[in-house]
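A short worksheet on the structure shown next.
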Amino acid sequence: MSAAAVISFMVLTSSFLGLVKMRLYAGILGVGPQFDVFVAAFRIPDLIFQLIIVGSLNAAFIPLFSGLIAKESAQKAWGFASNILNLTLIFFGVVSAGVFLLAKPLSFLVAAGFNPEQTKTLIELTRIFLLSPILLGVSSLISGSLQSFKRFFFPFLSPIAYNLGAIFGALFLYQPLGLAGLAWGVVLGSFLHLVIQLPLLFHLGFRYQLKISWRQDLVKKMFGLSAFRTIGLGAEQIKTLILINIASFLGSGAISVLRFGESIATVPISVIGAAIAQAALPTLSQEALTDLKKFKETFLSTFFEILYLSLPLSIILIILKIPIVRLILGVGNFSWNATISTAWILALFSLGIFAQCLIHLTIRAFYALQDTKNPLIISLISIVLSLILAIFLSSFLEKLALSYGWPSGLFYGVRGLVLGITLGTLVELGLLFFKLHQKLQFTKAEVLSPGLPIVFSSLIMAATIYFPVKILDQVFLDTTRTVNLVILVWLVLTLGGSTYLLLTWLLGCKEIRIFFKVLLRLKNIRENLLSFKKLPLVLE
């Protein structure tokens, strides 16, 4: 429990530092052409990383590497790791060189709506960012190796180092180097992400071997296992490129508000959805092989635990959208118009936060059942639908704003893009759950009995906090001052949280036990950190 508590603390710390980084970007650049370029320049390097590392390596490397440790020998496992490392470096080197040389034509795939000056800067930053996927690629491979030895501390510490590097770039490199300084800060973070893990890697016995073999059976097996996941991630990355490209035509700052709003919305998805789903995967994988009835119980229990945490949080972010954005990003060059625009983007993303969290779990349930085909098909359907809706709603809201004379400069087209993405996400969750229902045959009682009290309590909570927010904001508190914003958010969270907990307790929601588990874990974090040297070896 102590190890888990410290790791949870580190995930939260990394998320917090990510928001600090975005606050610095907001204060320095605000919403405008510079941050538009900075965000767009990262897209192709990130696409390379997502496809090769997240799609190909991490999806299959850890199981194969762990199998070699358990069934063969550590020496053979390290030989396999060296081979994959060398192949990764070769591939990244070739692809990065190609992107470096073709950066100008590729820039039109990312942001065709940029003016010549923005395009020139985009090309320069893209070439700097190309160092990042190489460093992160090697680092992620090392993280997978360490986790295979059940050593989790440094893999969880590395994202903190990454954010610290980016923060260093914002604080110390922007002034002398401009946007290039911010980009070099990201590269520095990627370098720290790598080097912080090297001592433990060598301590565990890794010795580099100059092995390069495409034809090794394990290499072929790894690429075979990751094929469907890579295709799905590729489609998702293409969707993101298309959305960024569309946003580049929606006015200066459109990409900025899209990124700022998304950066806040992704925090609960990472901390709740991805974390709980990943923790449930080993149990689901084991039960899928031995006891499908128990598998169904575990899935539904975890499903409603995630819903219990994410649905009220989605509602709170929607109602408190403006105070939250102002508190997190409202500094320096981040104007009031930027706050309003970003707040609406956050609200529209928040409509689908609970769905995004639940998709993390549902997809892993399919993986545990050794079914990668259905999640891929459903993901592709969702992506196509999201793009169609995003393009239609973006155009529709732009025309509607002109017709009714809505205030200008608030990026109604971007709101349409986000609404389309969110609707596609909701459809994806529905299709995934329906397809899983066909496999496991959920009963109405199994779904409605735990689900309805959570939904009902969340809606009552929404009504409970909506009116106090309006009254406190417009009558009692001057929310142009930060201290009053903090008071407003604290009062509303206290009222809303108490209402939700009370209602779910009265309605007999067994998921309320999660709240008390979190309290117990938080209670022990301080003493766990103080007694850090006494933690189990798993944290090394």
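The values are calculated or read from the model by the stated rules, or taken from the named source; none is laboratory data. Treat the numbers as computed from the prediction; the structure is a model and nothing was measured. Glycine gets a Cβ as well: all are built from the backbone with ideal geometry, and neighbour counts include every protein chain shown.
Tell me the residue from 428, 446, 511 that is under 30 Å from residue 295 (Cβ atoms), surrounded by 13 or more Cβ atoms within 10 Å (Cβ to Cβ) and at pLDDT below 85, please.
Only one candidate qualifies: 511.
Going by the conditions given, is residue 363 β-branched (Val, Ile, Thr) and modelled with pLDDT under 95?
yes
Inspect all residues belonging to region 112-119 and state whether any of them is of a type in the set (Gly, Ala, Ser) and more than 28 Å from residue 204 (Cβ to Cβ).
yes
Please report, ordered by residue number, the helices (runs of 4 or more DSSP H) entirely within region 58-120 with at least 3 residues that are without any contact (Cβ under 8 Å) to a residue 12 or more places away in the chain and out of contact with any Gly (no Cβ under 7 Å at 6 or more places or on another chain).
Counting at least 3 such residues, we get 61-71, 74-101.
Does at least one position in region 342-358 carry a residue that is farther than 21 Å from residue 306 by Cβ, surrounded by fewer than 18 Cβ atoms within 10 Å (Cβ to Cβ) and either at pLDDT 95 or above or not aliphatic (A, V, I, L, M) (or both)?
No, there is no match, as no residue in region 342-358 is farther than 21 Å from residue 306 by Cβ, surrounded by fewer than 18 Cβ atoms within 10 Å (Cβ to Cβ) and either at pLDDT 95 or above or not aliphatic (A, V, I, L, M) (or both).
Can you confirm whether region 414-429 contains a residue that is in a helix (DSSP H, G or I), touching a helix residue (DSSP H, G or I) at 6+ places or on another chain (Cβ under 9 Å), under 19 Å from residue 258 (Cβ atoms) and basic (Lys, Arg)?
yes
Restricting attention to region 259-318, report how many residues are acidic (Asp, Glu), touching a Phe, Trp or Tyr at 6+ places or on another chain (Cβ under 7 Å) and either buried (at least 20 other Cβ atoms within 10 Å of the Cβ) or farther than 30 Å from residue 32 by Cβ (or both). Reasoning before the result, please.
Looking only at region 259-318, we keep the residues that are acidic (Asp, Glu), and these are 262, 287, 291, 297, 305.
If we keep only those that are touching a Phe, Trp or Tyr at 6+ places or on another chain (Cβ under 7 Å) as well, we get 262, 287.
Then drop every residue that is not either buried (at least 20 other Cβ atoms within 10 Å of the Cβ) or farther than 30 Å from residue 32 by Cβ (or both), which leaves 287.
Qualifying residue count, region 259-318: 1.
Within region 372-397, work out how many residues are farther than 19 Å from residue 349 by Cβ and touching a residue at least 40 places away in the same chain (Cβ under 8 Å).
Going through region 372-397 one residue at a time, the tally reaches 8.
Only one residue in 370, 356 is closer than 21 Å to residue 277 by Cα, under 18 Å from the mean Cα position of the chain (by Cα) and not hydrophobic (A, V, I, L, M, F, W, C). Which one?
Exactly one residue qualifies, and that residue is 356.
Looking at the structure I just gave you, is residue 387 closer than 19 Å to residue 427 by Cα, assigned to a helix (DSSP H, G or I), touching a Lys or Arg at 6+ places or on another chain (Cβ under 8 Å) and modelled with pLDDT of 95 or more? Walk me through it before giving the result.
Values: closer than 19 Å to residue 427 by Cα: yes; assigned to a helix (DSSP H, G or I): yes; touching a Lys or Arg at 6+ places or on another chain (Cβ under 8 Å): yes; modelled with pLDDT of 95 or more: yes.
Yes: the conditions hold for residue 387.
Step by step: first the residues of region 149-175, then only those that are surrounded by 22 or more Cβ atoms within 10 Å (Cβ to Cβ) and over 20 Å from the mean Cα position of the chain (by Cα), then the one that is nearest to residue 24 (Cα to Cα). Which residue is that?
The extreme case among them is 170.
How about region 224-234: which of its residues are touching a helix residue (DSSP H, G or I) at 6+ places or on another chain (Cβ under 8 Å) and surrounded by 15 or more Cβ atoms within 10 Å (Cβ to Cβ)?
Keep residues of region 224-234 that are touching a helix residue (DSSP H, G or I) at 6+ places or on another chain (Cβ under 8 Å), which gives 225-226, 228-234.
Answer for region 224-234, where residues must be touching a helix residue (DSSP H, G or I) at 6+ places or on another chain (Cβ under 8 Å) and surrounded by 15 or more Cβ atoms within 10 Å (Cβ to Cβ): 225, 226, 228, 229, 230, 231, 232, 233.
Of the residues 276, 272, 255, which is hydrophobic (A, V, I, L, M, F, W, C) and within 22 Å of residue 339 (Cβ to Cβ)?
On the way: 276 fails: within 22 Å of residue 339 (Cβ to Cβ); 272 fails: within 22 Å of residue 339 (Cβ to Cβ).
Every option except 255 fails the conditions.
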